[in-house]
Amino acid sequence: MIYNLDDIEMGAPVPTDEPMRQKYFMVKLREKLKAESERLGRPLKMHCTTFGCQMNARDSEKLTGILEEIGYVETDSEDADFVIYNTCTVRENANQRVYGRLGHLNGLKRKNPNMIIALCGCMMQEAAVVEKIKKSYRHVDIIFGTHNIFKLAELIDSRLESKGMIIDVWEDTNKIIEDLPVDRKYSFKSGVNIMFGCNNFCSYCIVPFVRGRERSRNPKDIVREIENLVEDGVVEVMLLGQNVNSYGKTLDEPMTFAGLLREIERIEGLERIRFMTPHPKDLSDELIDVMKDSKKICRHLHLPVQSGSSRILKEMNRQYTKEHYLGLVDKIKAAVPDVSITTDIIVGFPGETEEDFEETLDVVRKVGYDSAYTFIYSKRTGTKAAAMEDQIPADVIKVRFDRLRNEIQGISSGLIARNEGTVQQVLVEEVNEQNSSLMTGRLSNNIVVHFPGDESMIGQMKAVKLNKCHGFYYMGEAVQN
């Protein structure tokens, strides 16, 4: 993306207001990096590795956009002049992966002493992690968290000026900084943050502690961003938030998530709207009505259940019961009969009995999920669940986990085949990785389709006959729209 920095005067005092302050540092760094590139006789290269969720992936697009704006060229190799890890800390093994990778980067930095290594994201919001990096990974140059990724250019400038480790981690923020550069992974679809943070405090989850409290973006800013994306060729957006159903509660003029969807629906040229993640406790009848009447909201709803046991759900602090969840699903299916429902399920939460697990299997059978992300409970230091008694033995969890996956696969494979023989609209996303004569795309319900075609189709909506279902994907053929 081309980003306008022409309104910055370098002779003037450093601006105090955002985003003008960051624009100032981007212009300043452009000159520094240009001089360094000329000295080396080659472009300066940068590499970004993303760990974790779609929120992190969207943050990385912003980080990459800033780095490209100041003069770096992206590379797939970590043997680069600037390497940044956007970290996840939902599970403790994610932290160990980062530590292992940092050891590898140390060797690369010995060969290129001017290399800059930056760490950001959820893992950096933990004070113990930052202390460990300060003591054991002195080759790291910049550390910042989830709340101030917009400051990347300023932090790089500070590092170049001081030569010491720069640490800038905020405990929380109410700031939302708009109008910074973004480098999108896809030209035809994009994630769009509608809110940040989480207020739910599920007992197994660290996210509220590292992402902060909920704060919603102004709906006009969201609509303007999507309008600009559509002008740039985007036909599908994914609205992102830890709990999109609670959107709007922090605004000066509150707006519901359903109300926001109505505004986005009106944007001409936008063909598909997706969103994640909704929380069952906040999913309203108003939202179901909007989905029912919409021509653009995709026929796919990811509705995490986590457990089918009301007793375990209470221990998880999910704030709904099994009965409430099943009633919600019945409402959704009645309003949107062709909807595809997917979910998240945790197996082996502390205190889970065989009877509790059977309740989860009962929900799986009654709902009929097209697919599910299944997780073995992982004790996460800093959460309430980590200190609970009656942690379930690993061998018991493994048996339950396998039973659950088998149950889901047996049900979902039959459900996915329901569209076999029909013609459906497919958004073409890429050349098939295994067979270059095939294209790969997705239906409105998020099911993958492979069919003969060529690269010219990428980013287009194509009518495709779904000839054969192969478990979790279709083989098809394009037909005339």
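The figures follow:
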{"item": "Residue within region 410-431 that is within 25 Å of the chain's Cα centre (by Cα) and either modelled with pLDDT under 95 or part of a helix (DSSP H, G or I) (or both) present", "result": "yes"}
{"item": "Filtered residues of region 56-88 (kept if under 26 Å from residue 373 (Cα atoms) and in contact with a Lys or Arg (Cβ under 8 Å, 6 or more places away or on another chain))", "result": "57, 61, 85"}
{"item": "Restricting region 89-104 to residues that are buried (at least 20 other Cβ atoms within 10 Å of the Cβ) and either small (Gly, Ala, Ser) or in a helix (DSSP H, G or I) (or both), the residue that is modelled with the lowest pLDDT", "result": "95"}
{"item": "Which numbered condition residue 149 fails, given (1) closer than 19 Å to residue 380 by Cα; (2) in contact with a strand residue (DSSP E or B) (Cβ under 8 Å, 6 or more places away or on another chain); (3) among the β-branched types (Val, Ile, Thr)", "result": "(1)"}
{"item": "Which numbered condition residue 314 fails, given (1) within 21 Å of residue 391 (Cβ to Cβ); (2) in contact with a Lys or Arg (Cβ under 9 Å, 6 or more places away or on another chain)", "result": "(2)"}
{"item": "Any hit, region 393-404, residues being surrounded by fewer than 15 Cβ atoms within 10 Å (Cβ to Cβ) and either among the aromatic types (Phe, Trp, Tyr) or within 27 Å of residue 274 (Cα to Cα) (or both)", "result": "no"}
{"item": "Among (1) within 23 Å of residue 342 (Cβ to Cβ); (2) in contact (Cβ under 8 Å) with a residue 60 or more places away in the chain; (3) in contact with an Asp or Glu (Cβ under 8 Å, 6 or more places away or on another chain) - the single one residue 238 does not satisfy", "result": "(3)"}
{"item": "The one condition in (1) closer than 25 Å to residue 198 by Cα; (2) at pLDDT below 95 that residue 86 fails to fulfil", "result": "(2)"}
{"item": "Count of region 212-235 residues which are surrounded by 21 or more Cβ atoms within 10 Å (Cβ to Cβ) and over 21 Å from residue 259 (Cβ atoms)", "result": "2"}
{"item": "Identity of the residue in region 6-41, part of a loop (DSSP other than H, G, I, E, B) and surrounded by 15 or more Cβ atoms within 10 Å (Cβ to Cβ), that ends up modelled with the lowest pLDDT", "result": "8"}
{"item": "The lone exception for residue 159 - which of (1) in the same structural domain as residue 52 (by the TED database); (2) touching a Lys or Arg at 6+ places or on another chain (Cβ under 8 Å) it fails", "result": "(2)"}
{"item": "Qualifying residue in region 383-402 (condition: polar (S, T, N, Q), modelled with pLDDT of 95 or more and either closer than 30 Å to residue 206 by Cβ or in contact with a His (Cβ under 8 Å, 6 or more places away or on another chain) (or both))", "result": "no"}
{"item": "Condition met for residue 65 (in a loop (DSSP other than H, G, I, E, B), in contact (Cβ under 8 Å) with a residue 24 or more places away in the chain and not charged (D, E, K, R))", "result": "no"}
{"item": "Candidates 197, 191, 164, filtered to the one that is exposed (fewer than 15 other Cβ atoms within 10 Å of the Cβ) and of a type outside the set (A, V, I, L, M)", "result": "164"}
{"item": "Residues of region 175-205 satisfying the condition of being part of a strand (DSSP E or B) and either touching a residue at least 60 places away in the same chain (Cβ under 8 Å) or within 20 Å of residue 64 (Cβ to Cβ) (or both)", "result": "189, 190, 191, 192, 193, 196"}
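The rows are residues; the columns are (1) outside any helix (DSSP H, G or I); (2) among the β-branched types (Val, Ile, Thr); (3) buried (at least 17 other Cβ atoms within 10 Å of the Cβ).
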{"site": "77", "(1), (2), (3)": "yes, no, no"}
{"site": "85", "(1), (2), (3)": "yes, no, yes"}
{"site": "106", "(1), (2), (3)": "no, no, no"}
{"site": "129", "(1), (2), (3)": "no, yes, yes"}
{"site": "135", "(1), (2), (3)": "no, no, no"}
{"site": "151", "(1), (2), (3)": "no, no, yes"}
{"site": "157", "(1), (2), (3)": "no, no, yes"}
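The values are calculated or read from the model by the stated rules, or taken from the named source; none is laboratory data. Just so we're clear, the structure is a prediction, and the values are computed from it rather than from any experiment. Backbone-built Cβ (ideal geometry, glycine too); neighbour counts: all protein chains shown.
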